[in-house]
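Below is one structure, written out as structure tokens; the observations come after it.
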Amino acid sequence: MPIYQRMGKIPQKRHTTFRKEDGSLNAEEVFGTAGIGGTASIAYHLNPPTRIIRYDEPYSVAPEIAIEKNMKPLSFKGFEIEPEEDYLESRKTLFVNNDMHIGLAAPKGFSKDYFFKNSDADEMIFVHKGTGTLKTMYGKIPFEYGDYIIIPRGTVYQIDFDTEDNRLLIVESFSPIRTPEKYRNNFGQLLEHSPFCERDYKLPQDLETIEEEGEFKIMSKKQGMMYAYYYKDHPFDVVGWDGYNYPYAMSIHDFEPITGRIHLPPPIHQHFEGNNFVICSFVPRLYDYHPDAIPAPYHHSNVDSDELLYYVDGDFMSRNNIGKGQITLHPSGMPHGPHPGAIERSVGKKSTEELAVMIDPFNPVSITKEAVKLSVDDYYKSWLY
Ligand SMILES: [Fe+2]
């Protein structure tokens, strides 16, 4: 959805003959989203992306629910997720509803025995630790600490991690992940008051056309099942593509905070949205500058939304005893607010170094067994004094 892009060689007119050097036709693929009404790209493969050789029996990767209905404020130590050798094994789903799944991963690497595609969810991978390169048929996207990598559903990918020390926060959205509509004009361009602009997009680069025949295993996740299909052609055999549907990245460090004289509410931190959720970036910023301003947030009742905060770095001003990678879940229907002492502590402060990602699912989330393993005892009592 970001901006029109084209890479490599494409014919002047879509759906017309476009031949290889040997005179045979390239294989055109229209890759669309939301039926035919969403963003789309057109890619030209050396060979059709349909040549299936065989498949394995699917197996379930559906998250196991521990707490289906929850009313309690909870907290989870995300960095206690154990590192695992391979990317797919390392992905642990912690919270689910019908709109999205939210999880963490600490992969040591990505086995090159397979490619992965999420067939029914867009993915947002927030890179808390690690550097590397996302590889797709659209090109490569190098990533680093602080990047949000947005991968539209159906995109076949591999990741080259530079080291074994990686920590990821992963959102799977069953609707397209987009930049907030309020920041865009009728033409899709980001407006002057948007906290980021088109220059902040990290777009696919270095399109490499791989012509290789063999058996290429694509692991596809759909409806809680994992399928392995083996194809005759390398999935990155694209000579050119254009359109609006492709993976991209954007850094949390490029999010320019909006500040005011008195406390401004969370929508000013909004970075992305999907159906029934928003994702916000809390970044280092100057505090409210009214002489009597209270920079810490007021107590609030989020009656229509769960609130998940993932703490990345810095000293989170409204919380006590919160570490990197920790998650708090403040469920809808419960008032919550700064921890004891945090409001008084914030008065007169000029700035904050806090860095956090907030995910607000508008429908309540269920909590998985993987999440319960990380939970902090008696977090609900943390406001008592
Ligand atoms: Fe809140």
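The values are calculated or read from the model by the stated rules, or taken from the named source; none is laboratory data. Remember, it's a predicted structure, so these values are computed and weren't measured experimentally. Cβ: placed from backbone, ideal geometry, glycine included. Neighbour counts: every protein chain shown. Remember, those area values only see protein heavy atoms, side chains included, never the ligands or the DNA or RNA. Shrake-Rupley method; radii C 1.70, N 1.55, O 1.52, S 1.80 Å.
Applying the criterion of being assigned to a loop (DSSP other than H, G, I, E, B) and aromatic (Phe, Trp, Tyr) to the residues of the range 240-273, the residue that is nearest to PHE126 (Cα to Cα) is PHE255. State the number of residues belonging to the range 347-385 that are hydrophobic (A, V, I, L, M, F, W, C), out of contact with any Leu (no Cβ under 6 Å at 6 or more places or on another chain) and within 17 Å of GLU80 (Cα to Cα). Of the residues in the range 347-385, 4 are hydrophobic (A, V, I, L, M, F, W, C), out of contact with any Leu (no Cβ under 6 Å at 6 or more places or on another chain) and within 17 Å of GLU80 (Cα to Cα). When we screen GLU307, GLU354 for residues that are within 15 Å of the ligand (Cβ to nearest atom) and in contact with a Phe, Trp or Tyr (Cβ under 6 Å, 6 or more places away or on another chain), the only hit is GLU354. Of everything in the range 6-45 that's touching a Lys or Arg at 6+ places or on another chain (Cβ under 7 Å) and among the aliphatic types (A, V, I, L, M), which residue is least open to solvent (accessible area, probe 1.4 Å)? Going through the qualifying residues, I end up with ILE42. The numbered conditions (1) modelled with pLDDT under 95; (2) closer than 26 Å to TYR379 by Cα; (3) open to solvent by 10 Å² or more (accessible area, probe 1.4 Å) are all true for GLU307 except (1). Whenever a residue of the range 337-352 is open to solvent by less than 50 Å² (accessible area, probe 1.4 Å), its partners that are of a type in the set (D, E, K, R) and assigned to a loop (DSSP other than H, G, I, E, B), lying with C-beta atoms within less than 6 angstrom and at least six residues away or across chains, give the pairs HIS339/ARG319. The set of residues in the range 323-336 that are within 14 Å of the ligand (Cβ to nearest atom), open to solvent by 20 Å² or more (accessible area, probe 1.4 Å) and within 27 Å of the chain's Cα centre (by Cα) comprises SER332, GLY333, MET334. Within this structure, ARG51 fails the test of being in contact (Cβ under 8 Å) with a residue 12 or more places away in the chain, loosely packed, with under 13 Cβ neighbours inside 10 Å, touching an Asp or Glu at 6+ places or on another chain (Cβ under 8 Å) and of a type in the set (D, E, K, R).
Against the criterion of being away from the ligand (no atom under 16 Å from the Cβ), part of a loop (DSSP other than H, G, I, E, B) and surrounded by fewer than 21 Cβ atoms within 10 Å (Cβ to Cβ), PRO297 does not qualify. Among the residues of the range 54-76, the ones that are closer than 20 Å to LYS222 by Cα and touching a residue at least 24 places away in the same chain (Cβ under 8 Å) come to 11 in all.
Residues that are within 13 Å of the ligand (Cβ to nearest atom), in contact with a Leu (Cβ under 8 Å, 6 or more places away or on another chain) and closer than 23 Å to ASN97 by Cβ do occur in the range 269-290, at least one of them. Taking the criterion of being under 20 Å from GLN223 (Cβ atoms) and of a type in the set (A, V, I, L, M, F, W, C), the residues of the range 99-118 that qualify are MET100, ILE102, PHE115, PHE116.
Pairing each residue of the range 26-41 that is in contact (Cβ under 8 Å) with a residue 40 or more places away in the chain and at positive phi with any residue that is assigned to a loop (DSSP other than H, G, I, E, B) and open to solvent by less than 70 Å² (accessible area, probe 1.4 Å), provided the two are 6+ apart or on different chains, yields C-beta distances under 9 Å for ALA34/SER175; ALA34/PRO176. Taking the residues in the range 310-322 that are part of a loop (DSSP other than H, G, I, E, B) and surrounded by 13 or more Cβ atoms within 10 Å (Cβ to Cβ) as candidates, determine which candidate is farthest from the ligand (Cβ to nearest atom). The residue in question is GLY314.
Name the residue, out of ILE3, ILE81, that is within 21 Å of the chain's Cα centre (by Cα), open to solvent by less than 70 Å² (accessible area, probe 1.4 Å) and farther than 29 Å from THR179 by Cα. Just a single option satisfies the conditions, and that option is ILE81. Candidates in the range 245-268 are the residues that are within 16 Å of the ligand (Cβ to nearest atom) and in contact with a strand residue (DSSP E or B) (Cβ under 9 Å, 6 or more places away or on another chain); of these, the one that is nearest to ASP292 (Cα to Cα) is PRO265.
Quick check on my filter: what residues within the range 310-335 are modelled with pLDDT under 90 and hydroxyl-bearing (Ser, Thr, Tyr)? Passing the criteria: only SER318.
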